[in-house]
Structure formats: C-alpha cells, structure tokens
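The structure appears right after this line, and notes come after that.
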Amino acid sequence: MKRDTKIVRGQVQPDPTTGAIIPPIYQTATYALEEVGKDKGFDYTRSANPTRQTMEEYLALIEGGQFGVAFSSGMATVDSCLKLLKSGDHIICSDDVYGGVSRHFNQILNNYNLEFTYVDSQNVANIEAAIKPKTKMIWIETPTNPLLKITDLEAVGKIAKSHNILFGVDSTFATPVFLRPLEFGADLVMHSTTKYLSGHNQLIGGIVITDREDLFDSLKFIQKTVGAVPGPFDCWLTILGLKTLDVRMQKHNENGIQIAHYLEGHPKVERVIYPGLESHPMHHIAQEQMSGYSGMISFELKGGLESGKALMNYVELCLLAESLGAVESMITHPATMTHADVPREDRLARGFSDGLVRLSVGIENVTDIISDLEQALEKA
C-alpha cells in the first residue's frame, strides 16, 4: 500500500455491527463487564476507549511505528514523555523550542530536580559536547518553533544510541507526510494533534509514537495513572482530519514554497526562514531527511518590530492567531504570543528578534494569500 493510500485508509475497517465506514464515537466513561474479572478489552475510558485506540493505531501506522499513546494536549504529551525520567536526570534540548515547552522545563520540571541544557542542535557536535554521565534524554524539535531550525536526526540518533540515551523528537511541523523520525533512530516521536494532524482548528490533543514496547508500556501506565487523555469526540475528529492529511500537507507545502520565494524577493523583507529555501543554512539536511517542507515560514521586516506589528494588524485574509497547521492561514507575533514567557535575552541570543513574524500558510489559493500579504506590506 502506498503511503498516501495508507494515510487515507489507515487500518480502519467498516464497523462490523452496522457497516459504517467512519468509526463510531464511543462516548462513554465506563463499560459493563461480562462477569467478574472478564471484560471486552475496556473497563474505564481513562484507561482505554475504542475511538481513542483506533486513533492511536491509525497514527502509529502512518508514522511507521508500532505503538501510539494519546494525550489531551501536545503539552500533556511532552510532560508524559519527561515522566519516563527520574529526579537527577539530565536532558539535552534544542535551544529553539515552543515557548510552552521551555516554560514547562524551566519553571515546573526544574523543581523536580531535572536538569536541562539547551544547545543549537543544528550543529550536532553541540549535543555530543553537552552529554554528562546523568544525561538520559535528548529532546529535539525539527523544524523548530519559530526559527525553523533543522537537526540532522540520523547523526543525533547515532549519538543517542552510542551513549544509551533516549531520543525524542517533536515532529509537529513536519508531520509523518514529510518526516518520520523513527526511521532515523528516534525512540519517541510526538505531535500536537491540535495542529496539522487534525488540521481544522477544532480540538486540542497530542500523541507519542514509539517502536519500543517497554516505552509503550511505561507511557500507557502514565496515561492511565495521570489521566490526561483526549475525549472520544476529539479522537473521532482527529481520525476525520487524518483522512485528508496527505492532500492538505501537499497544498501547505506548495503554497509555502511560493510564498517563501515571494517574501524573499520583497524589498521590505529583511530575511526569510524556510527550510525549502536554498538560503536556509540547513537546507541540505532538510532535503535529505524530509520529502517536503510544510507550511511554516518565519520572517523579519526591515522596519523591525513596528513594521512587523503593522503587517499583522493590516492582514485581512490571514488570521492573527496563536496556533498553526490549520487549513486557514494564520499569522503570529511569537515574542508577545507563543513565546512570551521566553526571556528576551535568551531569544535574542539565538537570533529570535522582537520583530520576528511567523506565518502558518493555509490551503487557500496562493494568489489570495500573496495579495493579502502584499496589501499589508504596502502599509507596514
């Protein structure tokens, strides 16, 4: 079965009771047992739910993994992955990650004696140099949020394996359509299903996928014990979104490439960051490990912060909004929105300026998106 067919169909079969093509929503909290000690595989929805299980298996299949464990949000997924560790453990993390991740690491998990070292993972030598005897996990975003840094996953996978360190990858921006980190040695791959996977701004959720049964068993225990699980209806909506994931991602990618080239040639634009551009410092690695570049673009205007704010206030088609990865184009000011809790000096040190604009390119007609940016740039 070809990958695009697999993404459309998964392993979902018509419902054996009714023949329904779309899986049922099992909107229930609990299940009747046949007798004491005997159930039909489900006893309480915090532990397992048929709709959630269908979604977990679906996502594991298209990611190329054996096991999927779903959570109520992307952040709940990250938190659960970190619960695989113990007090005193050390984690090496990409320096450019979603602001909610760094906030969680620095303001919550630090209180539980977990130590974090942030490195520019574009240079894998930085990862090797940061390893300590107590290093137990390498956590990578690629492409990163919002600077779209690209990490050579195969190289990091070899480092992690040689030191017996867990290797986790947040692949939300790429999706399984364009990147499958398990193929490069990752132990854990997580996605915010809120974004491209569901794709329609309709839910909050997260998933982690692994090929290792020991990690799956531990994550299932965490899922059951903590209870940060998605509801059946959200899982059902995600299943619907997955059916169009491949065609949506191809359109996001097609539009993203055209808009990145347009912005790169605009006289008011200082720089454009997009892995599909030859000007991206890690374009060669993106070409090698990705089959597309998705729809995320970051850029800065020559007028700095004030011009950037003006642009975001003047767009009409693009929505000024926090999220990303939906069919609608959305524009964000990371310094005051998604990454507001990241200290300014930390942002500036890694090239993340106050004037940076992040654009999540939707699947509208590309000429309409460019026309909207053009009229806003004229006023900025």
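The table below lists the values:
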| read-out | value |
| --- | --- |
| Net lengthening on full extension, THR28/ARG3 (0.36 nm per residue, minus Cα-Cα) | 5.7 nm |
| Karplus 3J(HN,Hα) series, Hz, for the range 13-28 with 6.51 cos²θ - 1.76 cosθ + 1.60 (x for Gly, Pro) | 10, x, 4, x, 7, 10, x, 4, 6, 8, x, x, 8, 8, 7, 9 |
| Of LYS243/LYS268; LYS83/LYS132; LYS38/LYS220; LYS161/LYS195; LYS6/LYS136, pairs whose Cα-Cα distance is over 28 Å | LYS243/LYS268; LYS161/LYS195; LYS6/LYS136 |
| Degrees between helix 153-162 axis and first principal axis of the chain (Cα, 0 to 90, nearest 10) | 50 |
| Extension gain from LYS161 to GLN13, taking 0.36 nm per residue of separation minus the Cα-Cα distance | 49.5 nm |
| Two-site FRET efficiency, HIS200 against HIS261, from Cβ-Cβ distance with R₀ of 22 Å, rounded to 0.05 | 0.20 |
| Helix 232-243 axis, angle to the chain major axis (alpha carbon atoms, nearest 10°) | 60 |
| Pairwise FRET efficiency - ARG212 versus GLU254, Cβ, R0 = 41 Å, nearest 0.05 | 0.70 |
| GluC sites (Glu not before Pro) restricted to the range 24-105 and DSSP loop, no more than 12 other C-beta within 10 Å | GLU34 |
| Residues of type aspartates and glutamates that LYS251 reaches as a straight line, Cα spacing below 16 Å, ignoring anything fewer than 8 places off in the same chain | ASP4, GLU328, GLU364, ASP368 |
| Residue order, fewest to most beta carbons within 10 Å, for MET55, MET137 | MET137, MET55 |
| Phi to ³J(HN,Hα) by Karplus 6.51 cos²θ - 1.76 cosθ + 1.60 over the range 326-338, Hz, x for Gly, Pro | 9, 5, 8, 6, 9, 10, 9, 9, x, 4, 10, 10, 5 |
| Computed E for TYR44/ALA129 - FRET, C-beta separation, R0 51 angstrom, nearest 0.05 | 0.65 |
| Peptide ranges 236-243, 141-148, 82-89, 357-364 listed from the most packed, as the mean C-beta count within 10 angstrom indicates | 141-148, 357-364, 236-243, 82-89 |
| Debye-sum result for the range 1-139 in log10 I(q)/I(0), which assumes one identical scatterer on each alpha carbon, at q = 0.13 Å⁻¹ | -0.81 |
| Relative contact order computed over the range 200-301 (Cα-Cα under 8 Å; 6+ residues apart), in percent | 25 |
| Cα→Cβ-extended label distance, 7 Å offset, between THR117 and HIS284, nm | 2.7 |
| LEU348 paired with GLU378, simple spin-label distance in nm, labels 7 Å along Cα-to-beta-carbon | 3.6 |
| Label point 7 Å beyond Cα of LYS83 along Cβ direction - residues of the range 225-248 with amide nitrogen under 16 Å | 225-231 |
| Descending Cα extents along the principal axes, the chain, whole Å | 72, 52, 35 |
| Per-residue Cβ neighbour rank within 10 angstrom, fewest leading, TYR196, TYR44 | TYR44, TYR196 |
| J(HN,Hα) series, the range 195-210, from Karplus relation 6.51 cos²θ - 1.76 cosθ + 1.60, nearest Hz, glycine and proline x | 8, 4, 4, 7, x, 10, 6, 10, 7, 10, x, x, 8, 10, 10, 8 |
| Within the range 291-324, backbone nitrogen closer than 17 Å to the virtual label 7 Å beyond the Cα of ASN365 toward Cβ | 316-318 |
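Where a number appears in this text, it was derived from the coordinates with a stated rule and is not lab data. Treat the numbers as computed from the prediction; the structure is a model and nothing was measured. Backbone-built Cβ (ideal geometry, glycine too); neighbour counts: all protein chains shown.
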